[in-house]
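The values are calculated or read from the model by the stated rules, or taken from the named source; none is laboratory data. Values in this document were obtained by computation on a predicted structure and should not be read as measured data. Glycine gets a Cβ as well: all are built from the backbone with ideal geometry, and neighbour counts include every protein chain shown. Note: areas computed on protein heavy atoms with side chains; ligands, DNA, RNA excluded. Shrake-Rupley method; radii C 1.70, N 1.55, O 1.52, S 1.80 Å.
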Amino acid sequence: MRGARTAIVCLAAALALSGCMGRPAPVAVASQNNLDAMAYGRGYAPAPVAVAYAAPLPAPAPRDAPYHLDAGDKLRVVVYGQEGLTNTYSISAGGTITMPLIGSVPARGRTPSGLAADIAARLRNGFIREPSVAVEIDAYRPFFILGEVQAPGQYPYVPNMTAESAVAIAGGFSPRARRDRVTLTHTDTSGTSRAVVPPGTPIGPGDTVLVGERWF
């Protein structure tokens, strides 16, 4: 009888031990603030950490919109069958071109196709029965580059130019130039916009590129 009781007590102890081993022991976890307090005293408070985020550069104006004419553009106007009217015309500072028969025609802010339609309408009004007119860009208005380049000034615009190629045309950067960004000023029918952009940004006719000076 005593042997059976001893076996039962041993079996109960073994089950209790196996239950304790199956449950994970509680783990004391101290927060970061508690650890700092333990190390430096209860009055310690960590200094706030300031995180600075660099603001993204403004996006340049889109260049996929229809081209709008302005002073300085040189146009090739073709009136089919009318050699006396077909010629090259420059847009004046006032934003117009002057043609035989119809005189001054507003061109600033218009697209080449819009200007062609206006010229045809004016010729149709008492001069030519069914005029056919085409307007093409013969030469774009110049761009301007200022600041820390070897030869700042006004230069002829070439399609698909970037600010970097404009710098190359102006003789390259000066020794004090900041080379990672430029200020691009663009004017169109919606107004004038100015943005700080990387050198690889496309530029348009009439744009102004300003190369800044580095401070170190």
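Remarks
- For V105, the criteria (1) open to solvent by 40 Å² or more (accessible area, probe 1.4 Å); (2) of a type in the set (A, V, I, L, M, F, W, C); (3) at pLDDT 95 or above hold in every case but one, which is (1).
- Selected residue [without any contact (Cβ under 8 Å) to a residue 60 or more places away in the chain and either in contact with a Gly (Cβ under 8 Å, 6 or more places away or on another chain) or closer than 17 Å to K74 by Cβ (or both)] from P175, P156: P156
- Residues in the stretch 79-90 that are open to solvent by less than 30 Å² (accessible area, probe 1.4 Å) and assigned to a strand (DSSP E or B): V79, Y89.
- A single entry from D118, D70 fulfils the requirement of being within 30 Å of R194 (Cα to Cα), open to solvent by less than 60 Å² (accessible area, probe 1.4 Å) and among the charged types (D, E, K, R): D70.
- Any hit, the stretch 28-45, residues being part of a loop (DSSP other than H, G, I, E, B), at pLDDT 50 or above and polar (S, T, N, Q): no
- Residue within the stretch 179-191 that is under 19 Å from H68 (Cβ atoms), touching a His at 6+ places or on another chain (Cβ under 7 Å) and outside any loop (DSSP other than H, G, I, E, B) present: yes
- In the stretch 111-145, the residues that are assigned to a helix (DSSP H, G or I) and touching a residue at least 12 places away in the same chain (Cβ under 8 Å): P112, S113, L115, A116, A117, D118, I119, A120, R122, L123
- Within the stretch 158-170, the set of residues being over 20 Å from A195 (Cα atoms), in a loop (DSSP other than H, G, I, E, B) and either among the hydroxyl-bearing types (S, T, Y) or open to solvent by 50 Å² or more (accessible area, probe 1.4 Å) (or both) comprises V158, P159.
- Screening M99 on (1) farther than 28 Å from I203 by Cα; (2) touching a Pro at 6+ places or on another chain (Cβ under 9 Å); (3) open to solvent by less than 60 Å² (accessible area, probe 1.4 Å); (4) at pLDDT 50 or above shows it passes everything except condition (2).
- Qualifying position, being within 34 Å of the chain's Cα centre (by Cα) and open to solvent by less than 70 Å² (accessible area, probe 1.4 Å), among A65, A93: A65
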